[in-house]
1. Rule-of-thumb check for segment A:91-171: C-alpha Rg over 2.2 N^0.38 Å?
2. Mind giving me the FRET efficiency for B:ASN328 and A:ASP172? R0 is 60 Å, r the Cβ-Cβ distance, nearest 0.05 is fine.
3. When ranked by the protection proxy of mean other Cβ atoms within 10 Å per residue, highest first, what sequence do the peptides B:303-314, B:142-153 form?
4. Which semi-axes, in whole Å and largest first, does the equivalent ellipsoid of chain B have when worked out from the alpha carbon gyration tensor as the square roots of 5 times its eigenvalues?
5. How far is it, in nm, from the label point at B:ALA128 to the one at A:GLN51 when both lie 7 Å from their Cα along the line to the Cβ?
6. I'm a student and want to see the number: the projected area of the Cα convex hull of segment B:382-480, averaged over all directions, in nm².
7. Could you give me the ³J(HN,Hα) list for segment B:278-291, computed from phi with Karplus coefficients 6.51, -1.76, 1.60 and θ = phi - 60°, whole Hz, x at Gly and Pro?
8. Just the number, please: percent antiparallel of the DSSP beta bridges in chain B, rounded to the nearest 5.
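No value in this document is a laboratory result; all are computed from the given coordinates. Nothing here was measured: the structure is a model prediction, and the numbers come from that model. Cβ coordinates were reconstructed from backbone atoms using ideal geometry, including for glycine residues, and neighbour counts include every protein chain displayed.
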Amino acid sequence: MLRLITIFKFQISLLCLGLFLFWLPQPVPQKSPNDSGAKLFQAHCAACHGQKGEGGTGPTLATPKLIRADSEASLFKIIREGIAGTEMPGTRVEAEQLKNLAAYVRSLGQLQSEKNIGDAERGKKLYFSKGECASCHAINGEGSAYAPDLSEIGLRRGRQHLMTSLLAPQADVPKSYLQLRAGTAITDNFLLVRVVTKDGKKISGVRVNEDTFTIHLREISGRVHSFFKSELLELHKDWGKSSMPDYRKILEHDELIDVVAYLVSLRGEK
Amino acid sequence: MRQHFSHAKAQRRIGFYSCLVVIIFTVTNFAQVSYERIRSSELEPQNWLTYSGSFQSHRFSSLTQINKTNVAQLKPFWVYQMRDPGKVETTPLVVDGLLYISEKPHVVTALDGRTGRPLWTYRRTTPADVKGCCGTPNRGLAILDETLYLCTFDAHLVALDIHSGKLKWDVVVADYKAGYTMTGAPLAIKDKIIVGIAGGELGIRGFLDAYDPKTGKRIWKFWTVPEPGEKGSETWSGDSWKTGGAPTWVTGSYDPALNLIYWGTGNPAPDWNGDSRVGDNLFSDSLLALDADTGKLKWYFQFTPHDLYDWDANQVPVIIDGNINGRNRKLIVTANRNAFYYVLDRVTGEFLRGVPYIKQTWGKGLDDKGRPIKLPNTEPSVEGTLLYPGLGGATNWNSPSYSPQTKLFYVLARENHPQYFFKTDTIYHAGEFFEGGGGRDIPGIEPYGVVKALDALTGQQKWEFKLQLPVMAGVMATAGGLVFGGSSEGYFYALDALTGKPLWNFMAGAQIVTNPISYSIRGKQYVAISSGNGLFVFGL
């Protein structure tokens, strides 16, 4: 009898232990740090979009609404395939990593987004008047093709990057992304070039196109020149230089903020 | 009556023998591509009988009608537009005036070599759910006797009648749902069709197969990743061999005298994260020498042990003979994706020489056995590790060429293309990408392509010709003293084989990602290259 009671007590103890373990909070499986969205973001996105998605060469992602990715599917597609016609490349990530990365990008929208400072309307007036920006840049077809088109610059660049471009244009000149677009022969970095033809003419402008045997350049007047390289005596490429002036000498501080506010507002809408 | 009977009998007899003569003539002279003809391809430069032009893979044309003195007058004769859009990587075969091309996806067409008019087309349906790493290209066909052989994207080997394009047989080489695809041209040797496999980014276990040309029955299989107990299995940890990659997606070479097949293998899987595959990972990134009769391994040479960069050794190996250190040797040479040029003894696999031919920052050099001496801190990392060359490599699958006249090895390489190599975790799922990282370009850097002429025995550079962009296009040297090549912008061009001076170019309008060939019909030489969806043929 005593033996039966002992066995019964043992069974009860075992049951209690089982119930205790069952109700005990389960340890959460730890994701590998390499696999987490944050790590993937640092590896693939932060260089352009900023360490916390605050924007830079690429647009800010710390915003509640991603204009180009209004659904999960569209965000997946952008991460995997990039955005045609922009510097945004595709990133080959596996299915689980894609989900983690997309989730992390979405989480950036819960952070404090960039403050909407400056008077965009006043900035627009300054852009077309005192700033004389349209003499080189175009917005929705208005202006010159000498420098990058700004019609959707607010989708492509962060506020801080735009301010830097105005204050120190040569700090971060447009970069060539040719290698991200296999098969595309159109250059896109507005590289300043100077040529001397075999008959002694000196011409300078921005590179419009270049291939193995030819080069096109556009003068600030808008005139486009086409050369076979074999026709040239000299060909100089001014890497890292910009023909854009330092706007600290042209606009006041509050005016610069307003121009940046205008540029940030440019989202491709006409 | 009797006389009439005799006359009719004689008439029938003459008719019979006339037909017999015609049949014998036709069978022996038209589109009957015997092994002996391929083996002696140098005797018929008017044709292009195998992927690289010869078993030695010289991609050299001994035709001289188009040469340095007149190439400036070269003009397009015809263009054939492929029936389906997509990049074209095919090398046409040419047999007695007809071209045979593989189009995308799995369309084979016979064309009149003088006019580009099609004679027949074979079309096959590819399942919609085939997954490959890098588009759906096909690089060409093999021919033996009266049969054409096609490797399909869903990993079948297909045999077609050369006269009609009708299907003779169709066999499954591997299960595409497990990540296997086929993109390369088969290699037809004496009594076998050798086929390689792709799928190194999807965790396949690579192999090379030999098939009976008549029945499609598999004769042998060589696994490029050994299973436990086999030679080389000690270079894989755990079960990593099961998904070890080492694909064989570019056509190899063959030495009939030694009866050895030489074939390159690709990256171990996963590509950029080697944590699960501790060891050298044989026989990935290697050149294999296999007995053609049995598929047994004669020797191997591994270029990039425990590769973490996707530097496949899927380049066409080139067979030459030459004097090394005072001794005449049978050699095999290759410009590898890892940026080194190698000279090996093709009888034994002995490493003889190796030098970098473009900028590289991952290795201090090669040791006496040809094994790379890696520099520290060159492994892919979470934050990215910057290295030259990038994952596209110094060169890729695009064919090199060797000229017996100049003794130079020509290769289209890429320069100034560093990349950040990333490492991520990855889990194997059959038929899915299994890569563990990737490469990232550096904005602002403009990589470029470059045709390099190297001394074939030393790897020393003789000249280079810069292209605006990197390109996966091959080159072809000719006895006319020329080197033909393609560019990303769409230029087809001819260079002086001795100096690299550009002598002619033609803008074909779209990216060139294939290899040139040359052939002749009725004494007229042509050169051909694909650009975009078009096959362009030029002559004087």
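1. Details: Rg = 17.3 Å, N = 81, 2.2 N^0.38 = 11.7 Å.
Dividing the Cα radius of gyration by 2.2 N^0.38 Å gives 1.48.
2. On the way: r = 59 Å, r/R0 = 0.98.
So, using R0 = 60 Å, E works out to roughly 0.55.
3. Descending packing order for the listed peptides: B:303-314, B:142-153.
4. Working: eigenvalues 309, 148, 98 Å².
So the equivalent ellipsoid measures 39, 27, 22 Å along its semi-axes.
5. 4.7 nm
6. Details: hull surface 35.2 nm².
Average of the hull's projected areas for segment B:382-480 equals 8.8 nm².
7. 4, x, 6, 6, 5, 10, 6, 6, 10, 9, 9, 10, 10, 5
8. 95 percent
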